[in-house]
Amino acid sequence: MRIVFVTLITIILSNFSAPGQTFNSSGRIVDDGRFAAATKQVNQFFRRFNAEESKEGDVRYYPGDEKYHDLALRKSFINILFDNETSGISNDLKRDFIGFVTSETYPQYLNFHRGEWFAELNSVFTYNGKRQDVVLFLKLQPQGLGYEWVIENVNFPPFKAAFDKPKGDEKKFLHPLSHELGFMNLRRAIVDNPKPESYTPDGYEPDYLTLFLFEIKSKRLKFETVKDTKFHFFQIDKWYFELGQFNRPGFNTGWLIANLMKLEEGDKEIILNYIYDRD
């Protein structure tokens, strides 16, 4: 089944010409340079970042090859892996990043299977008959002899709104002598209070993923489509970058670095809280 799926994907991709490709009178593909410049797949982004393929993208380099992880090739590749049209990443920050990852004493590479990177999918579901946006977060995990993508987290506004735990004087509580009454006040607390999460421990975090799966199994939440995908990378020591896909005319197209930040102590957790929309 997996072989059939891969074959089908290959056939589909081969039936479409990429940006910068046209057909001449003999039916052969003519490339004006944009196809080679575009980083067409996420896996190719990894290879180019690490200098594991030729500039034209038609030759793979492996350990032992002369050009494998070649310093000059890496610098030329990474220079074209930024979104230069809409991101606003400063040239100074790019130079710092490129210099850091291509250091002759401590070069850093991306590893597809090493973790510290994950996908963010902006998708559309139908919830109780109404189309709504749902953000899914997926990560790679080992599976058998290979790897698989798994849903790690979900961000869905109706779920978050349903678990709005009050704070301070607004928070209702069970009296500390409730046990002497056999917790009879629990019925009133749960029935009359529209926010039963008031009676959860400090630090309580709703499990939105379990709720998401329950709503799917109950058929109240139905998948429609994925609108776009991006990836968040923390693999490079003391750096974070976001990878996005840009389909547009010209040479600065494909999978490109859309956001870049140098990290100080504690910055990673701040960024993760922002990405996951955690309070």
Output ³J(HN,Hα) for the range 174-179: one whole-Hz value per residue in order, computed from phi by the Karplus curve 6.51 cos²θ - 1.76 cosθ + 1.60 with θ = phi - 60°, and x for Gly and Pro.
8, 4, x, 9, 4, 5
Tell me the label only: which of [x] 5, 20, 27, 22, 13, 7, 4, 1, 0, 0; [y] 7, 29, 36, 20, 5, 1, 1, 0; [z] 6, 26, 31, 19, 10, 6, 2, 0 is P(r) over Cα pairs in 10 Å bins from 0, in percent as calculated from this structure?
[x]
Flagged links, alpha-carbon separation over 23 Å, of LYS139/LYS227; LYS40/LYS94; LYS67/LYS230; LYS67/LYS268; LYS160/LYS238
LYS67/LYS230; LYS67/LYS268; LYS160/LYS238
Could you work out how much longer the chain between GLN141 and ASP65 gets when fully extended? Use 0.36 nm per residue separation minus the Cα distance between them, nm to one decimal.
24.4 nm
Report the net charge of residues surrounding ILE89, where surrounding means a beta-carbon distance below 12 angstrom and charges are Lys +1, Arg +1, Asp -1, Glu -1.
-2
Can you tell me which aspartates and glutamates have their Cα less than 15 Å from the Cα of LYS130? Leave out same-chain residues fewer than eight positions away.
GLU215, GLU224
What does the accessible area per residue of the chain come to in Å², with a 1.4 Å probe and no ligands, DNA or RNA counted?
65 Å²
Indicate the gyration tensor shape class of the range 29-127 (rounded, prolate or oblate), computed on the Cα atoms with a ≥ b ≥ c the square roots of the eigenvalues: a/c under 1.5 is rounded; otherwise a/b larger than b/c is prolate and the rest oblate.
rounded
Sequence-separation-based contact order of the chain, relative, with Cα cut under 8 Å and 6+ spacing, percent:
20 percent
Lys/Arg Cβ at +1, Asp/Glu Cβ at -1, dipole of the range 124-279 taken about the Cα centre: which of PHE173, ILE270, GLN245 is farthest positive-ward?
GLN245
Which value, in debye to the nearest 20, describes the size of the charge dipole of the chain about its Cα centre when Lys and Arg Cβ atoms bear +1, Asp and Glu Cβ atoms bear -1, and nothing else is charged?
940 debye
Do the sum for the chain: with -39,500 (n - 2.57) for every DSSP H run of n ≥ 4, divided by all residues, what is the mean residue ellipticity at 222 nm, to the nearest 500 deg cm²/dmol?
-8000 deg cm²/dmol
Check the straight Cα-Cα distances from LYS75 and name the aspartates and glutamates below 14 Å, setting aside those fewer than 8 residues away within the same chain.
GLU52, GLU53, ASP96, GLU104
What lysines sit close enough to LYS171 to cross-link, taking a C-alpha to C-alpha distance under 17 Å and skipping anything fewer than 8 places away on the same chain?
LYS195
Between the DSSP loop rule and a limit of at most 16 other Cβ atoms within 10 Å, which GluC sites (Glu not before Pro) in the range 110-212 are left?
GLU116
Please give the peptides 219-229, 69-79 ranked by average Cβ packing (other Cβ atoms within 10 Å per residue), highest first, as a rough proxy for protection.
69-79, 219-229
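The values are calculated or read from the model by the stated rules, or taken from the named source; none is laboratory data. This one's a predicted model, so the numbers in the text were calculated from it and none came from an experiment. All Cβ positions, glycine included, derive from the backbone under ideal geometry; neighbour counts span all protein chains shown. Note: accessible area is taken over every heavy atom of the protein model, side chains too, but ligands, DNA and RNA are not part of it. Shrake-Rupley method; radii C 1.70, N 1.55, O 1.52, S 1.80 Å.
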